[in-house]
Amino acid sequence: MGFLAATGRAFLIFLEATGRLALFTGSALSHCVRPPLYPRQILRQMIDIGYYSLPVVGLTALFTGMVLALQSYSGFSRFQAEGAIATVVVLSITRELGPVLAGLMVAGRIGAAMAAEIGTMRVTEQIDALSTLSTNPHKYLVAPRLIAGLTMVPLLVIVADIIGVFGGFLVGVYRLDFNAASYINRTWEFLQPVDVISGLVKAAIFGFLIALMGCYHGYHSKGGAQGVGAATTNAVVSASIMILVWNYLITGLFFSTK
Amino acid sequence: MSTPKIALKNVTKHFGPKKVLNGIDLEVAKGESLVVIGGSGTGKSVMLKSILGLLTPDSGSIQVDGQETTRLRSREREKLLHKFGMLFQGAALFDSLKVWENVAFGLIQGAHMPRAQAKEIAVAKLGAVGLTPDVAELSPSELSGGMQKRVGLARAIADEPEIIFFDEPTTGLDPIMADVINELIVQCVKDLGATAVTITHDMASARKIADRIAMIYQGRIIWTGHARDIDDSGNAYVDQFVHGRADGPIKMQIKAL
Ligand SMILES: Nc1ncnc2c1ncn2[C@@H]1O[C@H](COP(=O)(O)OP(=O)(O)O)[C@@H](O)[C@H]1O
Ligand SMILES: [Mg+2]
């Protein structure tokens, strides 16, 4: 009986949390498309996400591309398929590793910062102050972050794709002694638009999820510094898990074989 | 009698198992300055936030200018909040914005005033609370507690509200700075001709600011009267609070619940 009650209670809490998140998402989305928007806030968030994440995303992509080339060479040479390396690198980067790794890095950087900033604003009553100044906090705080996440992470992933492929090229040409021209040829030969597009769709959704989790957990944090800390952790963990789950779902949508 | 500016009838609010407001009845007349006194954790802030709609009461009625506000939609709520200004307990300044942008916030975002014009007004309002124009360019984290309260006050009055709430305006300040803030509050309220509700447990502050005083205890208003009658209220609870005695009808919860 105690077990049933506990299960039931946990289930109710889960339903309540899901409902609260759905309401939060709906309200925030509606504020993204209803004026007035706050261009200054949107710009500030875009710079924060797009520009200041470049170093960490670039480094991640560079070393991922490099290690991909190295790994596939040592693996593929077992069955004389070294020629496929360039193709493997470009497909892995554009379809999977570019968006997923950039998403995870941005989740750590931006999701955490958003949750901490909004959480601090919550516990110091700054969010209440916004309301009393006739400014809707969802519109002023949440909508700009969602818009920035949705638009800037795809741009970051374009950069990550380029740098990642370049990393593979460096290892291929300078370490594994491929001919540069033929490596580049091989990179383009089997690449299709859908490879890049699916990666960018993923990036947009990941960016949205990162901002949503950062805002949601920050917005509902309570109880001082400890609460803000918990919100930050929850934002990063939930965004990371959602990225991995959605990555699978979107891949299924784009590439499920008929 | 004319409609009161603010009228609360039997307002209740609980958080989890804890009943914070237990049926608040309170009226504030237009233009008067009401001070609500009461111990820490008795629901004073929750009461103010319920009036502003930052918290939704469980039951009861809250009217502003005769208009019921407990079931307002967010657009109407935004419009209603134009009437209000609030000084928060911790000042609640936006730390990502400069001091003048804080003061001008309601003018720029709420009233859509051009930034240059809003800045002029902000600097003037800072002057009204005794801050020089060079403070305007600082960030809130560079200010002392007393200065932050002043900026919060300037922000609360910038949009010339009809009703101003002050949540513990002197808590955490030294006695001299507390008195400066009290005088600023009295001055600002008089200049605007506003209706004011101040929450405090600082009796010196209450005496200075109040036309009328109400005492809240266990989520109810247990006494209201003129400020000059506070010393012979005939109410044992009020007496104990006013004189700050440990023994009396109010028993402090020393052990945690
Ligand atoms: N958002 C909230 N969630 C849960 N409990 C709250 C919340 N706001 C206030 N409380 C509780 O309500 C009680 C009254 O709080 P408050 O009105 O802030 O007291 P005070 O009279 O000191 O201003 C406190 O015990 C506080 O813990
Ligand atoms: Mg309080």
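The values are calculated or read from the model by the stated rules, or taken from the named source; none is laboratory data. Since the model is a prediction, treat every value here as computed from it, not as a measurement. So basically every Cβ, Gly included, is an ideal-geometry build from the backbone, and we count neighbours across all protein chains shown.
So the check is Cβ under 9 Å with 6+ separation or different chains; which pairs have a first residue in segment A:17-39 that's more than 14 Å from chain B (Cβ to nearest Cβ) and a second one that's charged (D, E, K, R)?
From residues that are more than 14 Å from chain B (Cβ to nearest Cβ), the pairs are A:32/A:139.
Residue by residue through segment A:19-54, note down the ones that are more than 21 Å from residue A:209 (Cβ to Cβ) and at pLDDT 95 or above.
Within segment A:19-54, just A:43 meets the criteria.
Within segment A:221-258, can you find the residues that are more than 16 Å from ligand 2 (Cβ to nearest atom) and within 14 Å of chain B (Cβ to nearest Cβ)?
A:225, A:228, listed by residue number.
Please verify whether residue B:217 is out of contact with any Leu (no Cβ under 8 Å at 6 or more places or on another chain) and touching a residue at least 24 places away in the same chain (Cβ under 8 Å), treating the condition exactly as stated.
Yes.
Can you tell me which of (1) outside any helix (DSSP H, G or I); (2) closer than 28 Å to residue A:73 by Cβ is the one residue A:158 doesn't meet?
(1)
Looking at A:172, A:168, A:199, which is the one that is surrounded by 24 or more Cβ atoms within 10 Å (Cβ to Cβ), in contact with a Phe, Trp or Tyr (Cβ under 7 Å, 6 or more places away or on another chain) and farther than 14 Å from residue A:111 by Cα?
Going through A:172, A:168, A:199 in turn, just one is surrounded by 24 or more Cβ atoms within 10 Å (Cβ to Cβ), in contact with a Phe, Trp or Tyr (Cβ under 7 Å, 6 or more places away or on another chain) and farther than 14 Å from residue A:111 by Cα: A:172.
Report yes if residue B:176 is away from ligand 1 (no atom under 16 Å from the Cβ), surrounded by fewer than 19 Cβ atoms within 10 Å (Cβ to Cβ) and under 30 Å from residue B:148 (Cα atoms), otherwise no.
The answer is yes for residue B:176.
From the list B:85, B:41, B:16, B:66, exactly one residue is loosely packed, with under 15 Cβ neighbours inside 10 Å and within 14 Å of chain A (Cβ to nearest Cβ). Which is it?
Residue meeting the stated conditions: B:16.
With respect to residue B:36, is the statement that it is farther than 29 Å from residue B:204 by Cα and either modelled with pLDDT under 95 or more than 13 Å from chain A (Cβ to nearest Cβ) (or both) true?
no
Consider residue B:71 carefully, then state whether it is within 12 Å of chain A (Cβ to nearest Cβ) and either more than 16 Å from ligand 1 (Cβ to nearest atom) or more than 22 Å from residue B:192 (Cβ to Cβ) (or both).
no
So for segment B:141-148 (the condition being more than 14 Å from chain A (Cβ to nearest Cβ), touching a residue at least 24 places away in the same chain (Cβ under 8 Å) and within 16 Å of ligand 2 (Cβ to nearest atom)), does at least one residue qualify?
Scanning segment B:141-148, I find no residue that is more than 14 Å from chain A (Cβ to nearest Cβ), touching a residue at least 24 places away in the same chain (Cβ under 8 Å) and within 16 Å of ligand 2 (Cβ to nearest atom), so the answer is no.
Give the residue, chosen from B:35, B:103, that is buried (at least 21 other Cβ atoms within 10 Å of the Cβ) and either under 29 Å from residue B:217 (Cβ atoms) or within 16 Å of ligand 2 (Cβ to nearest atom) (or both).
B:35
Which of (1) more than 9 Å from chain B (Cβ to nearest Cβ); (2) touching a residue at least 40 places away in the same chain (Cβ under 8 Å) is the odd one out, the single condition residue A:174 does not satisfy?
(2)
In segment B:42-72, what residues are more than 13 Å from ligand 2 (Cβ to nearest atom), of a type outside the set (D, E, K, R) and not in a loop (DSSP other than H, G, I, E, B)?
Selection gives B:51, B:52, B:59, B:60, B:61, B:62, B:63, B:64, B:67.
Looking at A:85, A:110, A:93, A:47, which one is in contact (Cβ under 8 Å) with a residue 40 or more places away in the chain, within 27 Å of residue A:140 (Cβ to Cβ) and assigned to a helix (DSSP H, G or I)?
A:110
Being in contact with an Asp or Glu (Cβ under 8 Å, 6 or more places away or on another chain) and part of a helix (DSSP H, G or I) is the filter here, so list the residues in segment B:73-107 that pass it.
The answer is B:99, B:100, B:106, B:107.
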